[in-house]
Amino acid sequence: MTGALHHVELWTHDLSEVGPGWDWLFDALGWVKADDGWASGRIWTHRDGTYLVLEQSRDVRGNHHDRRDPGLNHLALSLDAPQHLDRLRAEAGAHGWSELFGADYPHAGGPDHTALFLENGQGFEVEIVCPH
């Protein structure tokens with residue numbers, strides 16, 4: 001099976017700072033982490049074939065992503081088991097993620113949209129979307 005999106009590559013200035021949080025998130029969403037021994041990056045693959053790369057690069061300028069600048073605002077990822085959204089919300093802080101728009105959870109995207117919005121310490125936002 002092949003997804004419409006082939007892959008996304010995110011750069012970080014410090015993989016050790018944010019890698020564990022991404023590991024937790026993708027594991028919780030059912031993505032599989034490649035075990036390739038790559039010291040400066042990680043790759044996770046979804047069952048539809050889409051994959052995400054997180055790479056620490058010496059070419060990175062700055063140490064914080066601002067989703068309000070031109071470029072990537074956020075990643076929106078699906079959660080096939082909506083009953084787990086509250087668990088992700090409860091566990092996120094222990095894994096380096098803070099909640100965005102918490103006062104409007106789980107409908108910060110509107111009354112017909114169920115999602116959890118998270119941000120990590122480097123400013124990357126992830127929206128975990130549940131089907132209706």
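Just a few scattered comments:
- Any hit, the stretch 65-73, residues being closer than 21 Å to G19 by Cα, at pLDDT 95 or above and surrounded by 13 or more Cβ atoms within 10 Å (Cβ to Cβ): no
- When R58, R89, R67 are checked against the criterion of being among the charged types (D, E, K, R) and over 16 Å from N120 (Cβ atoms), a single residue qualifies: R58.
- Pair list, Cβ < 6 Å and 6+ apart or interchain, from the stretch 83-108 residues that are touching a residue at least 40 places away in the same chain (Cβ under 8 Å) and on the phi < 0 side of the Ramachandran plot to residues that are surrounded by 12 or more Cβ atoms within 10 Å (Cβ to Cβ) and part of a helix (DSSP H, G or I): L88/A28; H95/G21; H95/W24; W97/G21
- Residue tally, condition of a type in the set (F, W, Y) and surrounded by fewer than 18 Cβ atoms within 10 Å (Cβ to Cβ), over the stretch 30-63: 1
- Verdict on H7 being of a type outside the set (K, R), touching a residue at least 40 places away in the same chain (Cβ under 8 Å), within 25 Å of G109 (Cα to Cα) and surrounded by 12 or more Cβ atoms within 10 Å (Cβ to Cβ): yes
- Restricting attention to the stretch 108-132 and to residues that are among the aliphatic types (A, V, I, L, M) and not in a loop (DSSP other than H, G, I, E, B), the residue that is nearest to the chain's Cα centre (by Cα) turns out to be V126.
- Flag if E91 is among the acidic types (D, E), in a strand (DSSP E or B) and either at pLDDT 95 or above or under 14 Å from W24 (Cα atoms) (or both): no
- Filter pass, L85 being in contact with a Pro (Cβ under 9 Å, 6 or more places away or on another chain) and in a strand (DSSP E or B): no
The values are calculated or read from the model by the stated rules, or taken from the named source; none is laboratory data. For clarity, every value in this text was computed on a predicted model and none was experimentally measured. No Cβ is skipped: glycine too gets one built from the backbone with ideal geometry, and neighbour counts run over all protein chains shown.
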